[in-house]
Amino acid sequence: MYKDNKNFLFKKYYYLCVEFLNKRTMNIHPPKFVKRFIKHLYPTMIWSFNSEANSKKVFLTFDDGPTEEITYWILDTLDKYNAKATFFCLGKNVEQYNVQYNEIIRRGHVVANHTYSHLKGWGFDAGSYMQDVDMANDLIGSNIFRPPYARITVAQARRVSERYNIIMWDTLSADYSNVVTPRQCVKNVVDNYKGGSIVVFHDSIKASRNMKYALPRVLEDFKKKGYSCESIIL
Ligand SMILES: [Zn+2]
């Protein structure tokens, strides 16, 4: 009983911390200890590449694809700027949109694991979570993983990091949010990135209104300031 209660409180606190991190992109600044607390709990998560802090490299990532409607548009836009990215794919989408998936690879980008069925970590034990991750890995074959919804328990993260690098972000476009305007979406990235930043967009219909407006403008900003976009290779 005590353990369950503690677990519940922990989840609530973790959720608040993640919400705080996301709100940073809406110009609400959470206290630094929030970030430190999450880093302490999840020491294996990578939020940005500090080794690249003095470089002019940024790491664009696209979650939830591939999709029939959006993937090609992203690939064409990236090509125009000679930008390379990392696509955190869902196993079920890789099966369904295999042509688009192969095109991501053919154009020189990196594909990574975002679970098979977009699993929200809480509510599953570490074993069944790993099963879903490994099912995606059978299709994708990557050592890079990002947890859907940023929701993963400490036990799951520990298991996942035995075989995968867990990649989070420090710059969230919030393209998926229907309360974020396209212009705010651009600002979320342009005002927050720096050398070594990991930037999140989505390869999904839901996010496409904001993403299609923001991505070319963000790429233009990178170009103007001399930044290059690279895939994550670990
Ligand atoms: Zn996702």
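Bear in mind that the values in this text are calculations on the coordinates, not laboratory data. No experiment lies behind these values; they were computed from the predicted model shown. Counting neighbours? That spans all protein chains shown, and the Cβs are built from the backbone with ideal geometry, glycine included.
A few notes on this one:
- Straight-line cross-link reach from LYS57 at under 20 Å between alpha-carbon atoms covers these aspartates and glutamates, not counting any fewer than eight positions away in the same chain: ASP79, ASP170, ASP191, GLU220, ASP221, GLU230.
- With N as its number of residues, the stretch 105-234 has a Cα radius of gyration that, divided by 2.2 N^0.38 Å, comes to 1.13.
- Computed over the chain, relative contact order equals 28 percent, with contacts defined as Cα pairs under 8 Å that lie 6+ residues apart.
- Over the Cα atoms of the stretch 138-190, the radius of gyration divided by the Kirkwood radius equals 1.11; this is the Rg/Rh ratio.
- Cα-projected label distance for LYS223 with HIS118, points at 7 Å along beta-carbon direction, nm: 3.1 nm
- Rounded to 0.05, the FRET efficiency of the THR77 and ASN98 pair, given R0 = 25 Å and the Cβ-Cβ distance, is 0.70.
- Taking every full run of DSSP H in the chain, the ones that stretch at least 15 Å from end to end by Cα along their long axis and average -1.0 or higher on the Kyte-Doolittle scale are 2-23, 126-140, 208-224.
- Integer Hz, Karplus 6.51/-1.76/1.60 couplings in order for the stretch 146-158, x for Gly and Pro: 10, x, x, 6, 6, 9, 8, 7, 4, 5, 5, 4, 5
- When each of LYS80/LYS187; LYS120/LYS224; LYS35/LYS224; LYS80/LYS194 is checked by Cα-Cα distance, pairs over 32 Å: LYS120/LYS224
- Extending 7 Å from the Cα toward the beta-carbon at both LYS32 and ARG209 defines two label points whose distance is 3.8 nm.
- Rounded to the nearest 5, the antiparallel percentage of DSSP beta bridges internal to the chain is 5%.
- Once C-alpha pairs closer than 8 Å and six or more residues apart are averaged by separation and normalised to the residue number of the stretch 107-234, the relative contact order reads 22 percent.
- Cα-based equivalent ellipsoid of the stretch 33-172: semi-axis lengths in Å, sorted from largest, via gyration tensor: 25, 21, 11
- Note on LEU234 and ARG106: the model spin-label points, each 7 Å out from Cα along the C-beta direction, lie 2.9 nm apart.
- The helix-based estimate of mean residue ellipticity at 222 nm for the chain, built from -39,500 (n - 2.57) per DSSP H run of four or more residues and divided by its residue count, is -14000 deg cm²/dmol to the nearest 500.
- Here the chain is treated as a sphere whose radius is the Kirkwood value from Cα pairs; by Stokes-Einstein at 4 °C and 1.567 mPa s it diffuses with a coefficient of 72 µm²/s.
- Residues whose amide H falls under 5 Å from that of ALA112, counting only those 5 or more places apart or on a different chain, are PHE87, PHE88, CYS89, with hydrogens built in the peptide plane.
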